[in-house]
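Structure first, commentary second.
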Amino acid sequence: MRLHPHPSSNSSPSSRPLEVGNHQANPTQGRCDSRPAAALAVIDAEKSRGKRRLVLWTLMAVFVAWWIAGSIASAQKYPTYELDEAYERFKDPREGAKLERAAGQLVTTRDLAKLDGSVQGMAKFYLEKYIPWKLTQPETLPEMPEIIDGLLKNLERVQRSDGAGTRALLAGTFIGMRTIAEGKYIPAARINAISALSRINARPLDITNARPPLPLSYSFPILMKLYKDKAEVDGVRAAALIGLHRYASLAFPVMTPAQKKELVDAMNELLASEAPAGREPESHAYLQRYAVDLLDLLRNPRDASLGTQLISISTTEDASDVIALYSASQLGNFRQGLQEQAKDPAPIVQKWSLRAFQAIEDEIARIEGLTRPMPAAQQPPNPRDFLQKSREARRNEARAENEMAAGSMRRGMGMGMEMDQEMGMGMDMGMEMGMGMGMDMGMDMMDMDMMGMGMMGGMVPVAKPQPPEVDISRRYLTDVLQQLLRGATGSRKGELPDQPGGLIAAVAQPNRDALQGWIDEMKTVMTTVNDEMLDDRVKWLEMLQNQRLVLGDLAGLDVEKPEPEDTEDPGGRHVLPGFGMPAAAEPMPGLPGAAPEALPGLPGT
């Protein structure tokens, strides 16, 4: 399939004639009538910049077109939902628009009897047949999310207003999405349809009565079947798992015991499994996070088997950070049941410290990898750079030196005058106003002192904008530390709530004091990481090196502090980076290699 740009939007102005009146204009004529040469040069420069911008936008548009064309081409191998021959005319966009308007009438009507007899049939055909046909066409790929969002918004709108067309729209939307989800169509269409099935509600959100939405019960068996089918592509299974997560989170009170057991068995299998062939370990760990959530939701509050499993995952060194840190964090949900597993929390927090240590090590390596090596200095420098200076350059340097000297003198004089004035004012005010306003006077003088400190250079330092690599690193490390602190206390800040959770809720004295010491150490590390005065890469790396030692000690590692790079030799001579020690000068030919200690005939011999 070839994509042709629309001539009115993507065609370059230079590729088609510029018409003025009824004849083609010659861009080389008529320039020297009344416009000066300088103005013409500016106009030409602006035109050149405009052409360059046009070229860049054209290249971006071509790239997007190639991406869409590639996705469409890959979808050609999948079948499409076909309409019966009697309905071929609805493939015409104008006829399809009539169907869409009919469905829109169901959204707004208050009485179905007042609608034309064909409206309900057209709306049913639109939702159950036309939408599956349209969404399975390869060229509809970019429009899929917008189309499905429109269907769900119309359904929610009619449900909120309790319109007469609620039942027809609910049934038609469900049947259409189920048709796509269960078919062997393009995976993008199926994934969007599965997501829609999990978002179809039998009862909408009721904000007034604080009542959450209730998912449609007919969606659960479809989502469960698609997830458990190991022959399905990973994208379809992942979409079904996410749909099950939403369904169980909202429909938990109305789920049957059989549904809960089926879901728990499937999630236990997922959490204990290794990544299957063709699935990246990080992707598998991400899916396991949904299993942790669902098992925590469906477990008996007194059942500690999940807690035992989470401790095991979070302390396994080979486990991915994606699931290990999340497992540690979810331990904060446990208020009881971990007493037997956390009698001695020292081995657990030692493994957690090791994971935080490794996170900092990775960040140090990543940021150091972004640092470019210093370029080698040119040897020798060009003497002309030092010997020749233009007369204008010398005048500029002399003018700058004079201005700096004059500015220093003015600042010195001004400071002395201000101090004299302040002292005089203070004495006069003290004599005139007396002691009755001592408190106010003290506060005013304190404010003046603070202002003076600011003027003299004692102002509170303000952090500069953070470099992107520092900001991203800080966010990542903060998330790591918060997950570990939540696993230990039930709070991401490490502060003990009224009902502590996690490890500290399970341990007894004296282990509780030792665990509290570890929590305090981790809170200090997190505070240091979030110091906004670390506003450049050098300060940030220095802090990471220091916290690396702290976490290494908590993890029981013997970590050596890295020695600073030596850039000077013992004699004090500066060594350029990448050059090492300067070599000894070779003696010139024809001259002695070294002068004698004393020459005969001179004093001292």
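Here are the numbers:
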read-out	value
All positions within the range 170-188 that are of a type in the set (D, E, K, R) and either in a loop (DSSP other than H, G, I, E, B) or open to solvent by less than 40 Å² (accessible area, probe 1.4 Å) (or both)	Lys184
Selection count, the range 265-282, where residues are under 18 Å from Thr316 (Cα atoms) and of a type in the set (Gly, Ala, Ser)	3
Subset tally (residues that are open to solvent by 30 Å² or more (accessible area, probe 1.4 Å) and closer than 23 Å to Leu83 by Cβ) for the range 151-169	2
The lone exception for Ile191 - which of (1) open to solvent by less than 50 Å² (accessible area, probe 1.4 Å); (2) of a type in the set (A, V, I, L, M); (3) in a helix (DSSP H, G or I) it fails	(1)
Subset of the range 232-262 that is part of a helix (DSSP H, G or I) and among the β-branched types (Val, Ile, Thr) - its residue that is nearest to Gly183 (Cα to Cα)	Val236
Qualifying residues in the range 72-130 (those that are in a loop (DSSP other than H, G, I, E, B) and open to solvent by less than 20 Å² (accessible area, probe 1.4 Å)) - the one nearest to Arg190 (Cα to Cα)	Leu83
One residue from Ala196, Ala210 being without any contact (Cβ under 8 Å) to a residue 24 or more places away in the chain and of a type in the set (Gly, Ala, Ser)	Ala210
Set Leu226, Leu294: member being modelled with pLDDT of 95 or more, in contact with a His (Cβ under 9 Å, 6 or more places away or on another chain) and either crowded, with 20+ Cβ neighbours inside 10 Å or among the small types (Gly, Ala, Ser) (or both)	Leu294
Residue within the range 311-324 that is open to solvent by 50 Å² or more (accessible area, probe 1.4 Å), more than 28 Å from Leu214 (Cα to Cα) and in contact with a Leu (Cβ under 9 Å, 6 or more places away or on another chain) present	yes
Residues of the range 149-164 classified as in contact with a Lys or Arg (Cβ under 9 Å, 6 or more places away or on another chain) and farther than 17 Å from Leu205 by Cα, total	1
Residue in the range 199-212 that is nearest to Asp162 (Cα to Cα), counting only those that are open to solvent by less than 40 Å² (accessible area, probe 1.4 Å) and at pLDDT below 95	Pro204
Any pair with Cβ under 8 angstrom, 6 or more apart, that starts in the range 285-314 at a residue that is under 16 Å from Arg335 (Cα atoms) and ends at one that is acidic (Asp, Glu)	Ala304/Glu340; Leu306/Asp296
In the range 277-291, residue least open to solvent (accessible area, probe 1.4 Å) [restricted to those that are among the charged types (D, E, K, R) and over 18 Å from Tyr227 (Cβ atoms)]	Glu282
Residue in the range 99-115 that is in contact with a Leu (Cβ under 7 Å, 6 or more places away or on another chain) and small (Gly, Ala, Ser) present	yes
Long-range neighbours under 8 Å by Cβ, at least six apart or interchain, first residue within 17 Å of Ala231 (Cα to Cα) within the range 261-276, second among the charged types (D, E, K, R) and not in a loop (DSSP other than H, G, I, E, B)	Ala266/Lys228
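The values are calculated or read from the model by the stated rules, or taken from the named source; none is laboratory data. Source: prediction; values computed, not measured. Methodologically, a virtual Cβ is constructed for each residue, glycine included, from the backbone with ideal geometry; neighbour enumeration extends over all protein chains shown. Accessible surface is based on the protein model in full, side chains and every heavy atom, while ligands, DNA and RNA are left aside. Shrake-Rupley method; radii C 1.70, N 1.55, O 1.52, S 1.80 Å.
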